[in-house]
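Since the structure comes first, as structure tokens, the remarks are kept for the end.
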Amino acid sequence: MQAELNYIYEIYRTGSFSQAARNLYLTQPTLSIAIKKVEQAIGMPLFDRSQQPLTLTEAGRIYIARIAEIRQIEENTARELDDLRQMDAGELRIGGTQYFNSYVLPDVLQDYQAQYPAVHLTLREDNANRIDQWLLDGETDINFRSAPVEEERFTSQAVCADHLLLAVPRAHVPEDAIAQGLSWQEVAAHRFLQDDCSVQALSDFHETPFLLLTESNQLRTRALAICAENGFSPQVRFCVEQLETAWHMARHGLGATFVTEFMIAEGQDDRLLYYKVPSPHAVRHFHAILRKNSYVSHKMKCFIALVQKRSPVAGAPSTDAEQHG
């Protein structure tokens, strides 16, 4: 019966008998016969074969829901037993978005490997939707990303906050705003989170050329909201697809841009001054994402704890913009 359950799930996952057969190393007739036997036993079809890709019938949806429960129980049991056998060994599979993997995880991975050298770490990277599917399919153990999750399928735990600051080339800084600017060293030390950190009115930069992201990016939405809060519309010089592009262009003096604390600390660039942005739009929270009801192993707890030490979970409450990262 276990084999048939795996067959049914693979057809559901791929939406195709032929692709499922290839993945299972079976011939398509063999797979079709196996599914037909199950359907004859229950007296109803599991798949609507009139549509491509295949869709589930009502009976099929019930089967898949129960298969998912069985797979969850099996995985939780394996993790619990693995914890008993080798609490500080085994494998841990991490999924993350490009930004998180680039700017948050490197130090965490290094520290974790130093503390738990017997644990084999694997790292995968893609957009939020793709890594979520990996988690559902059991291909990753923990994911890290910024957007909230579907509570029916996932649980999440806030692990760190990421703040936007306004990065301005020194040549574009008004003379009376120079003293309020922060160095990259001060940003890395989280000076901007301290209550006595002075705040420059961002409206003083209303004549400064700005570098923004394209309209499809939520960081652009955040940037425009921050400017609106400060009573001005930015003079947009260039629109680019990637935050790293805007960041590098700002470093070469082409304009001001909103950039994250992690990038500033990593870039270590003295050509720019950085300004605190006291706005909920400037705070983005990252979460550890787990499958709902999954067992959280000792290895996973230790990894999450190290991520939490990477940056304080601090700042103003996030806005609805965080729903899209």
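No value in this document is a laboratory result; all are computed from the given coordinates. In this text the structure is predicted, and so the values were computed from the model without any measurement. Neighbour counts run over all protein chains shown; Cβ positions are idealised from the backbone, glycine included.
Worth a mention:
- Check on residue 107, surrounded by 15 or more Cβ atoms within 10 Å (Cβ to Cβ), in contact with a helix residue (DSSP H, G or I) (Cβ under 7 Å, 6 or more places away or on another chain) and among the charged types (D, E, K, R): no
- Residues (buried (at least 19 other Cβ atoms within 10 Å of the Cβ) and of a type outside the set (Val, Ile, Thr)) located in the stretch 173-216: 181, 182, 184, 192, 200, 202, 205, 210, 211, 212, 213
- Search result, residues across the stretch 1-38 that are in a helix (DSSP H, G or I), surrounded by fewer than 17 Cβ atoms within 10 Å (Cβ to Cβ) and free of Cβ contacts under 8 Å to residues at least 12 places away in the same chain: 2, 18, 19, 22, 28, 29, 30, 33, 36
- Any chance residue 112 is surrounded by 14 or more Cβ atoms within 10 Å (Cβ to Cβ), within 30 Å of residue 158 (Cα to Cα), among the aromatic types (Phe, Trp, Tyr) and touching a helix residue (DSSP H, G or I) at 6+ places or on another chain (Cβ under 7 Å): yes
- Residue count for the stretch 245-266, restricted to those that are surrounded by 18 or more Cβ atoms within 10 Å (Cβ to Cβ) and either part of a helix (DSSP H, G or I) or free of Cβ contacts under 8 Å to residues at least 60 places away in the same chain (or both): 7
- Meets criteria (in contact with a Lys or Arg (Cβ under 7 Å, 6 or more places away or on another chain), in contact (Cβ under 8 Å) with a residue 40 or more places away in the chain and within 30 Å of residue 70 (Cα to Cα)) for residue 154: yes
- When residues of the stretch 109-130 are limited to those that are free of Cβ contacts under 8 Å to residues at least 24 places away in the same chain and closer than 13 Å to residue 89 by Cβ, the one farthest from the chain's Cα centre (by Cα): 117
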